[in-house]
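Have a look at the structure below, then the notes.
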Amino acid sequence: RISFTQYQRHSAINDYLTELVKQYPSIVSLENIGQSYQKRDMVVIRISTGSSNPAKPVIFVDAGIHAREWIAPATALYLINQLVENSANRYLIENIDWIILPSANPDGYEYSWTNDRLWRKTVSPGTLCNGCDPNRNFDFHWMETGASSWECSETYAGSRAFSEVETRNLRDYILKTPNIKAYLTLHSYGQYLLYPWGYGNVLPSNWRELDDLGQKVNDAIRAVSGTRYTVGSSTQVLYAAAGASDDWAMGVAGIDLVYTIELPGGGSYGFDLPASRIQGVVVETFEGFKVYADYVLNNR
Ligand code: 0X9
Ligand code: ZN
């Protein structure tokens, strides 16, 4: 079974998904959305009790866009675990379909296990340096702010928008999937609930709604553990950076509830949160997912 006392390799994540589809075929289905540059499978899990409602809302969650942010895939795995294996959470899948991509940059993730714990990017070969920051590679205000055209930079945006197969796979899957009402992308670290826009100091028309909902999520998380998040637009509370998946999900895919969740940090570098802290983070964050689900249910 799956453990939350340790981090999981990419293959163990996919093995768990395969195990779930065998054990719970009536509520779980898998789709391989394409392979990474090094031919690892990128697998999404759809969790649903099925429905007669053709417009059943979907919440899409991804994790692991940045390789070193190991707590993100762990949090996605716990969400999957709770939605599928804990019958007390049945109500969360009866009226909402969840689609979760727990490992969005598998090559980078594996490289952060085997070669460089602090690897952030993809691993596609360059001339001087390898890899591109997938969260600067999306085609919305690409390369305008907070991104680099130097391939050795940690925020290298790529030779062109969607130069990376991993970001193209994610793009194509989101664009072909109907009824996505919320897009949540898991990162670390810093305890931020970030909404668009991240490309510059402008706000989307529904920013008050995004702010209010973010505050509700923060309240729910704080109530379980005391952990406090800062809520705001990426540009206003963090920094401006264009070409990220969140801005693209809103600006191009047209999803209007969009958040980058920067989970808590720890360890020596912030990204290397000790495994002993996984349990606390995943449990408190699950309370936040419930708030998103309630909101989508009642307002979309
Ligand atoms: O810089 C990023 O890509 C994210 N922070 S991280 O430390 N995980 O790298 C923040 C992205 C926020 N969204 C936008 N700037 N659009
Ligand atoms: Zn990140």
Contour minus Cα-Cα distance for residue 252 and residue 53 (0.36 nm per residue)
69.1 nm
I need the semi-axes of the equivalent ellipsoid of the stretch 10-299: take the C-alpha gyration tensor, multiply each eigenvalue by 5, square-root it, list largest first in whole angstrom.
26, 22, 19
With +1 assigned to the C-beta of every Lys and Arg and -1 to the C-beta of every Asp and Glu, and no other charges, what is the dipole magnitude of the chain about the Cα centre in debye, to the nearest 20?
360 debye
At q = 0.11, 0.12 Å⁻¹, work out log10 I(q)/I(0) for the stretch 117-206 with the Debye formula, treating every Cα as an identical point scatterer and leaving solvent out; two decimals please.
-0.36, -0.43
Restricting attention to the stretch 30-114, which trypsin sites (Lys or Arg not before Pro) occupy a DSSP loop and are surrounded by at most 14 other Cβ atoms within 10 Å?
39, 90
Longest to shortest principal axis, alpha-carbon extents of the stretch 17-134, angstrom:
54, 25, 23
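Every number in this text was worked out from the coordinates using simple rules, so none of it is lab data. Predicted model, so just to flag it, every value in this text is computed and none were measured. Glycine also receives a Cβ, built like all others from the backbone with ideal geometry; neighbour counts cover every protein chain displayed.
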